[in-house]
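What follows is a set of notes on a single structure, which appears directly below.
The values are calculated or read from the model by the stated rules, or taken from the named source; none is laboratory data. Just so it is clear, the model here is predicted, and its values are computed rather than measured. Note: ideal-geometry Cβ built from the backbone for every residue, glycine included; neighbour counts use all protein chains shown. Protein only, heavy atoms only, side chains kept; ligands, DNA and RNA dropped before computing areas. Shrake-Rupley method; radii C 1.70, N 1.55, O 1.52, S 1.80 Å.
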Amino acid sequence: MCAKVTTAIFPIAGLGTRFLPATKSIPKEILTLVDKPLIQYAVEEAREAGIRDFIFVTSRGKSSLEDFFDVNPMLEAALRKAGKTDLLNTLKSTNMDSGHIAYVRQHQALGLGHAVWCARRLVGAQPVAVILPDDLIVGRTACLKQMVEAYADTGGTMVAAMEVAPEQTSSYGILDIAEEHGALVRPRGIVEKPAKGTAPSNLAVIGRYILSPRIMVHLNRKTVGAGGEIQLTDAIAAELAADAGSVHGFRFAGERFDCGTKAGFLQATVHLALQRADLRDEFAAYLHMATTRKPGPVVLRPVTAAAG
Ligand code: G1P
């Protein structure tokens, strides 16, 4: 039986320049989808998958994330005193258990593989999950939980996989498929951001991984790959070359939003807002109006429902 996956790495050292000026003074991971920071969705997914230890690979300018995951005794006391139990519970859901959260600095932006490697001493000789918070995956069962369940049978290394449009393959890690069994894909190769027209398939790696400790050994070599960066995909390719059956792709159930782009971030916002009982009706009515109205001045009508 393979070891349980109880630790996750969150590589969040990126500058988030696509979201400037918002990211001038706040980390991209604090940007909110409806009313929750992007990073909190990733943490909740990890918790649902049984993760107990959280490692954030950060960089300069990310210290507000540490405050976000800290207990805020004054705010908790104020909400308790006011009897606002729901808000108090929401607030407490962002607290982390002492000793189960660690921050590691990636001092130079040398790539995703390097970011993961920066956490090696905290991980040791156990399998570790990696969650890229930019990839928001919404579904009935958390994507990482689905993977952890499948991994209990496969062991080794596992990557989340999803078909993308052929013209998008050059933005992803791409699997060269050897065999498929239900949701599991056995690749014969994996390539990071293949040049246009050279992708072996359009099955892309999405930002959820379960890594065997051997991946850190490959990352130790610090091989530079696509874009002049140390790529996690290349370490997985090296593992595949060393042991053909040890890497699996997993076609997860769920909808994925690329929150690393403005369009994806907005789509995720709309999707999540429409799932919320407290927002759905008013928001859906607005969206309908906004997408069907003819060009011209907007006539604002008074809101009749009581303001909350
Ligand atoms: C990273 C990985 C890539 C993967 C992608 C998923 O790329 O390097 O293999 O397909 O995440 O979102 P990035 O988006 O950081 O360029």
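Over all projection directions, the Cα-based convex hull of region 66-125 averages an area of 5.8 nm².
Based on the alpha-carbon gyration tensor of region 1-116 and its eigenvalue square roots a ≥ b ≥ c, which shape applies: rounded if a/c is under 1.5, prolate if not and a/b is larger than b/c, or oblate? Oblate shape, in that a/c is at least 1.5 and b/c is the bigger or equal ratio. Modelled this way, with points 7 Å down the Cα-to-C-beta line, the labels at residue 91 and residue 32 are 1.4 nm from one another. Considering the zone a paramagnetic label at residue 3 would reach in this model (a point 7 Å from Cα along the Cα-to-Cβ line), which residues of region 27-55 have amide N under 20 Å from it? Counting backbone N atoms under 20 Å from the label point, the list is 46-47, 49-55. Nearest 10 degrees, 0 to 90: what angle lies between the long axis of helix 38-48 and the longest principal axis of the chain (Cα atoms)? In the chain, helix 38-48 runs at an angle near 60 degrees to the longest axis.
Can you give the FRET efficiency for residue 179 and residue 138, using 1/(1 + (r/R0)^6), R0 = 25 Å, r = Cβ-Cβ distance, to the nearest 0.05? Let's see the in-between values first.
Working: r = 29 Å, r/R0 = 1.15.
Given R0 = 25 Å and the Cβ-Cβ separation, E is 0.30.
What percentages make up the Cα-Cα pair-distance distribution of region 114-220 when the bins are 10 Å wide from 0? P(r) for region 114-220, in whole percents per bin: 13, 43, 37, 7. Set the Cα radius of gyration of region 1-68 against 2.2 N^0.38 Å, with N its number of residues, and you get 1.23.
Length gained on full extension, residue 105 to residue 285: 60.3 nm, using 0.36 nm per residue less the C-alpha separation. Compute the distribution of all C-alpha to C-alpha distances in the chain, in bins of 20 Å from 0, and list the percent of pairs in each, rounded to whole numbers. Histogram of Cα-Cα distances, whole percents per bin: 30, 55, 15, 0. Close amide-amide hydrogen proximity is noted between residue 248 and 157, 158, 159, each under 5 Å apart and 5 or more residues distant or on a separate chain (H modeled in the peptide plane; Pro and chain starts excluded). Our compactness index for region 40-196, the C-alpha radius of gyration over the empirical 2.2 N^0.38 Å, is 1.25.
Solvent-accessible area assigned to carbon and sulfur over region 1-152 amounts to 53 percent, based on a 1.4 Å probe.
So, with +1 on the Cβ of K and R and -1 on the Cβ of D and E, and no other charges, what is the size of the charge dipole of the chain about its Cα centre, to the nearest 20 debye?
Values: 34 positive and 31 negative charges, 137 e Å.
It works out to roughly 660 debye.
The share of alpha-carbon pairs in region 132-284 lying farther apart than 19 Å comes to 56%.
Between residue 70 and residue 224, the contour length at 0.36 nm per residue exceeds the alpha carbon distance by 51.8 nm.
The string of couplings for region 258-275 from the Karplus curve (6.51, -1.76, 1.60, θ = phi - 60°) is 8, 7, x, 10, 5, 4, x, 4, 5, 4, 4, 4, 5, 4, 5, 5, 6, 8 Hz, one whole number per residue in order, with x for Gly and Pro.
What is the dipole size for region 123-273, taken about its Cα centre, with +1 at each Lys and Arg Cβ and -1 at each Asp and Glu Cβ, in debye to the nearest 20? Walk me through the numbers before you get to the answer.
Details: 13 positive and 16 negative charges, 40 e Å.
Using only the charged Cβ atoms, the result is roughly 200 debye.
Using only the Cα atoms of region 226-293, build the gyration tensor, take square roots of its eigenvalues as a ≥ b ≥ c, and label the shape rounded, prolate or oblate: rounded if a/c is under 1.5, else prolate if a/b is larger than b/c, else oblate. Prolate shape, in that a/c is at least 1.5 and a/b is the bigger ratio.
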